[in-house]
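K.L.:
Handing you this structure, nothing more for now.
Every read-out reported here was derived from the displayed coordinates using simple, explicitly stated rules and does not represent laboratory data. Quick caveat, the model's predicted, so the values are computed rather than measured. Note that each Cβ is placed from the backbone with ideal geometry, even for glycine, and that neighbours are counted across all protein chains shown.
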Amino acid sequence: MEGPQKEGYRDLGIVIRVGIDLVAGTLLGTLLGYLLDRALGTKPWLMVVGIFLGTIAGFRNIFRYLNDLENKRN
Amino acid sequence: MGNPLEHFELHRLIPISLFGIDISINEAVVMMWIVVLIVFGLFWLASRRIQIIPGRLQNMAEYWLELLQTYILEGNMGKEEGRTFLPFLGCLFLFIFFCNLLGLVPGAYTATSQVMVTGTLAVLVYFICLSVGFAKHGLGFFKVFVPPGVPLWLLPFVVPIEIVSQLARPFSLALRLFANMTAGHTVLAVLFGFVIVLKFYIGWLPFVFILGMDAFEIFIALIQAYIFTLLAAIYLGEVIHLHA
């Protein structure tokens, strides 16, 4: 495979990766918060914290990933 | 018209219970055995008589592994490490690819449409990442939770975010493979339902659609196996070259 074609395959990887990463962060944060709530009996506060943390973490993962990609290109 | 999610149901073929844990043999387990047999058989045949001028099978096997090594492993992990992890990631790729592909055979079960299967694979990858990280960096590996250049007063906020974002990786790995396989097969099942309901006069229309979707699903089977292996290689590479 030559240069541009290889780049195309990598871009496909980005498209597939970014969407799920965003959802996964939020889902995981919510789930962790919910489970901690159930274990500690602090409904619903840890879940609220978990949603925020998870959303930020999902964005953070994507941000870091795209940043790395940008650095690699230049 | 039947339930389009019906073919994802598992049935206990041979009920086994060990210490109260249900480890019955079901369709997914049988499919995974078949996949392991096929991959093992294919590569056993390919490597039975290794020659300098490769035969057809040996050529195919070499082509797959070389492709994996150049485009996934060396680019993301470095030359030396890529060679070390080729057996593991090569197995992972072939296993997922054949699981996805054999699931498209009518009547066969798609093992990767079970979140337990993809979850186990993702957790396995993540545990290997952790072991490699601790073996390579010792306790310095905890630095993954502290990004470089963060002021001290921000750490109480940043560290929990980093922990969740680390945990989100195996989660998203498992979710992506599972969701893609389940979604694709559900669409196929719904379209097949249309063909049966609409009879001959207009039933050919969804049938043509199915042919296209089937080709697309073969493509998805390859792409998802590729993405899973690629991400495993990226995570392993990040663990090996910490904050580099």
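K.L.:
Run the numbers on segment B:1-112 and let me know its relative contact order in percent, using alpha-carbon pairs under 8 Å that are six or more apart.
P.N.:
Relative contact order of segment B:1-112: 26 percent.
K.L.:
Okay, next question. Take B:ASP214 and A:PHE52, extend 7 Å from each Cα along the Cα→Cβ direction, and tell me the distance between the two endpoints in nm.
P.N.:
Going by the 7 Å Cα→Cβ label model, 5.3 nm.
K.L.:
Residue by residue through A:25-34, how many Cβ atoms from other chains fall within 10 Å of the Cβ on average?
P.N.:
4
K.L.:
Taking only C-alpha pairs under 8 Å that are 6+ residues apart, what is the relative contact order of chain B in percent?
P.N.:
Reported relative contact order: 26 percent.
K.L.:
Express the C-alpha Rg of segment B:129-238 as a ratio against the empirical globular expectation 2.2 N^0.38 Å, rounded to two decimals.
P.N.:
Scaled against compact globular proteins, the figure is 1.70.
K.L.:
Go through B:214-224, B:103-113, A:62-72 and give me the packing order, highest mean Cβ count within 10 Å leading.
P.N.:
So the order, starting with the most tightly packed, is B:103-113, B:214-224, A:62-72.
K.L.:
In angstroms, what radius of gyration and Dmax does chain B have, counting Cα atoms only?
P.N.:
Values for chain B (Cα only, Rg and Dmax): 21.6, 71 Å.
K.L.:
For every other residue with a beta carbon closer than 13 angstrom to the beta carbon of B:VAL29, add +1 if it is Lys or Arg and -1 if Asp or Glu, then tell me the sum.
P.N.:
Around B:VAL29, the charge tally is -1.
K.L.:
Given the options B:PHE141, B:PHE95, B:PHE200, state which has the largest fluctuation in a GNM of chain B using a 10 Å cut-off (strictly under) for Cα springs.
P.N.:
Of B:PHE141, B:PHE95, B:PHE200, the most mobile in the Gaussian network model is B:PHE200.
K.L.:
Relative contact order, percent, of segment A:20-73 when contacts are C-alpha pairs under 8 Å separated by at least 6 residues?
P.N.:
Contact order relative to length: 42 percent.
K.L.:
Where the Cα atoms of segment A:20-73 are projected onto their three principal axes, how long is each span, largest first, in whole Å?
P.N.:
Extents along the principal axes: 49, 15, 12 Å.
K.L.:
Residues of B:65-74, mean number of Cβ from any other protein chain within 10 Å of their own Cβ, rounded to a whole number?
P.N.:
1
K.L.:
Report the charge-dipole magnitude of chain B in Debye, nearest 20, computed about the Cα centre from +1 at each Lys and Arg Cβ and -1 at each Asp and Glu Cβ.
P.N.:
The dipole of chain B has a size of about 280 debye.
K.L.:
Rounded to a whole number of µm²/s, how large is the Stokes-Einstein D of the protein assembly as shown at 20 °C and 1.002 mPa s, given Rh as the Kirkwood radius over C-alpha pairs?
P.N.:
Answer, rounded: 97 µm²/s.
K.L.:
Of all the C-alpha pairs in segment B:1-144, what % are more than 22 Å from each other?
P.N.:
56 percent
K.L.:
Given a Förster radius of 30 Å and the C-beta distance between A:GLU70 and B:VAL158 as r, what FRET efficiency does 1/(1 + (r/R0)^6) yield to the nearest 0.05?
P.N.:
That gives a FRET efficiency of 0.90.
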